[in-house]
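Before any comments, here is the structure.
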Amino acid sequence: MMVQNILFFDTSNQGHHFLYNKAVIKGLGKSGDINPFYYCPLQNVEQKAFHLNKTAIPKRIFKENSNLDRLFLLFSSLTWAKKNKISHIHLLYLDSLFLCFMILLPLLMILNIKITATLHWLPQRKSKQFILKSIVRLGLLKKIIVHGNYTKDRVIELIGYKNGNKVISIIYPNLHPEKRLDMILLEKFNRRLEGIKKPILLSFGGLRHDKGIDILLKSLSLVKGNFTLIVAGKEDYFSKEDIKNMINKYKLSDKVFTNIKFIPDEELPLYFNFTDIVVLPYRKYFSGQSGPLTEGVTRFKPIIGPNNGEIGYTIKNYKLGTTFEAENVIDLSYCITDTIRNLEVLKKEIKINQYNYQSFLTVESFVKSYKKSLLN
């Protein structure tokens, strides 16, 4: 088989984009069957981490992550691919490019470039659903990679069953494999959390609206007995002050420990190893997969999550924990109370299920599936 040149494209390489894109591009480069190029506004240190022979680093001329920025970067990636005789582009984050696709439709119809893409969320807006259905039926999008069978089934329903073979499900991997912990970091972490009451619940990641930290804090005001919630992640929709105000409002000051900042990769295992239960209080409109779910399962932690979307499907189908009615504060409080009360029994019941699910989470399996999807 000839080595195929594929240009990978993203408008951002920050946060979880960096780890995800690095796993895909670096892994495929090592496979020997794909020669990957990367078109993205990279920093020098990021460029070195990908170990690419050649990469394109476009300069931004519009405000980062604005529609004009995305449109300009996608347009310039297409012209760069054409100039360098690369006939296959893979969009690593289709979710933010629907409007760009619509505007560039005339150009895409005349370019002889194969376009494949990864879709992380099932689009909720009717306009985005219409665009996705249109670009598949027009033959402009040859293949869609999603992360879970729930999303796969919903996308196929949207684009039509005759296009079902264009949608491939690849389980989201564990991008933070276990490493030997830095003992200085570990000692510092243990000192900070010394004496907090168990069991430990963890809400991890940026404080976005869709992740529902406000729902979780309100529900905990209804949970009796001993527990501690750790909230770790950077400010987003909710600020540090918002969290502090909610903790005071719900009288949880002795039950919540916060570290409201960006959590570097080397510190992530500290939180997941230390915790007893991972809680995912996501809102109904969140339809994607969850990195904290993967991290928790990898470390045999029971997962509490909403009963809808990809997260609900994953928890119920693979029996990884318990689910609650999304956005229902009372139901979440019941779920947390029951999980705390029966924690040791639940851990034993789901351990073999978590072990089996872990076999899908290796980066090697992830890259192998990606390669098969892109080359077929």
Exercise. Rounded to the nearest 10 Å², what accessible area does ILE171 show when all protein chains are kept and the probe is 1.4 Å?
Worked result: 40 Å²
Seminar exercise, completed: Rounded to whole Å², per residue accessible area for the chain with a 1.4 Å probe reads 48 Å²
For this session: Using a 1.4 Å probe and ignoring any ligands, DNA or RNA, find the accessible area of ARG192 and quote it in Å² to the nearest 10.
Result: 120 Å²
Seminar exercise, completed: Ranking VAL155, ILE304, LEU140 by how far each Cα lies towards the positive end of the charge dipole of the chain (+1 on Lys and Arg Cβ, -1 on Asp and Glu Cβ), the top one is LEU140
For this session: May I ask for the angle, rounded to the nearest 10°, between helix 363-375 and the longest principal axis of the chain, with both axes built from Cα atoms and the value confined to 0 to 90°?
Result: 30 degrees
Exercise. Rounded, prolate or oblate: which fits region 334-376 when a ≥ b ≥ c are the square roots of the eigenvalues of the alpha-carbon gyration tensor, with rounded for a/c under 1.5 and prolate only if a/b beats b/c?
Worked result: prolate
Problem set entry | Mean Cβ count within 10 Å, highest first, over the residues of peptides 303-313, 17-27 | 303-313, 17-27
Exercise. How much FRET efficiency would the formula 1/(1 + (r/R0)^6) give for ILE110 and LYS319, where r is the Cβ-Cβ distance and R0 is 56 Å, rounded to 0.05?
Worked result: 0.65
Exercise. Under the Kirkwood approximation applied to all pairs of distinct alpha-carbon atoms, what is the hydrodynamic radius of region 267-308 in Å?
Worked result: 10.8 Å
Seminar exercise, completed: Computed D for the chain, Stokes-Einstein, Kirkwood radius over alpha-carbon pairs, 37 °C, 0.692 mPa s, to the nearest µm² per second, is 149 µm²/s
Exercise. At what distance in angstrom do the alpha carbon centres of region 340-376 and region 139-162 lie from each other?
Worked result: 22 Å
Exercise. How would you classify region 158-267 from its alpha-carbon gyration tensor, with a ≥ b ≥ c the square roots of the eigenvalues: rounded for a/c under 1.5, else prolate if a/b is greater than b/c, otherwise oblate?
Worked result: oblate
For this session: Rank ILE230, ILE135, ILE103 by mean-square fluctuation in a GNM of the chain with C-alpha springs under 10 angstrom and give only the top-ranked residue.
Result: ILE103
Exercise. With each label point set 7 Å from Cα along the Cα-Cβ vector, what nm distance links ASP95 and GLU364?
Worked result: 2.9 nm
For this session: From largest accessible area down, sort GLU327, GLU295; use a 1.4 Å probe on the protein chains.
Result: GLU327, GLU295
Problem set entry | Computed Kirkwood radius, in angstrom, where 1/r is averaged over Cα pairs of region 226-376 | 16.9 Å
For this session: Identify all lysines with a Cα-Cα distance to LYS234 below 23 Å; exclude those on the same chain that are fewer than 8 residues away in sequence.
Result: LYS22, LYS63, LYS188, LYS211, LYS218, LYS244, LYS249, LYS251, LYS255, LYS261, LYS284, LYS301
Problem set entry | Share of carbon and sulfur in the accessible heavy-atom surface of the chain [1.4 Å probe, %] | 53 percent
Problem set entry | Among ILE352, ILE113, ILE61, residue whose mean-square fluctuation peaks in a GNM of the chain (springs only between Cα atoms under 10 Å) | ILE61
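The values are calculated or read from the model by the stated rules, or taken from the named source; none is laboratory data. Only a predicted model underlies this, so the values are computations on that prediction, with no experimental measurement involved. Quick reminder, even Gly has a Cβ in these numbers, built from the backbone with ideal geometry, and neighbours come from all protein chains shown. Side chains are part of the model used for accessible areas, which takes the heavy atoms of the whole protein and leaves out ligands, DNA and RNA. Shrake-Rupley method; radii C 1.70, N 1.55, O 1.52, S 1.80 Å.
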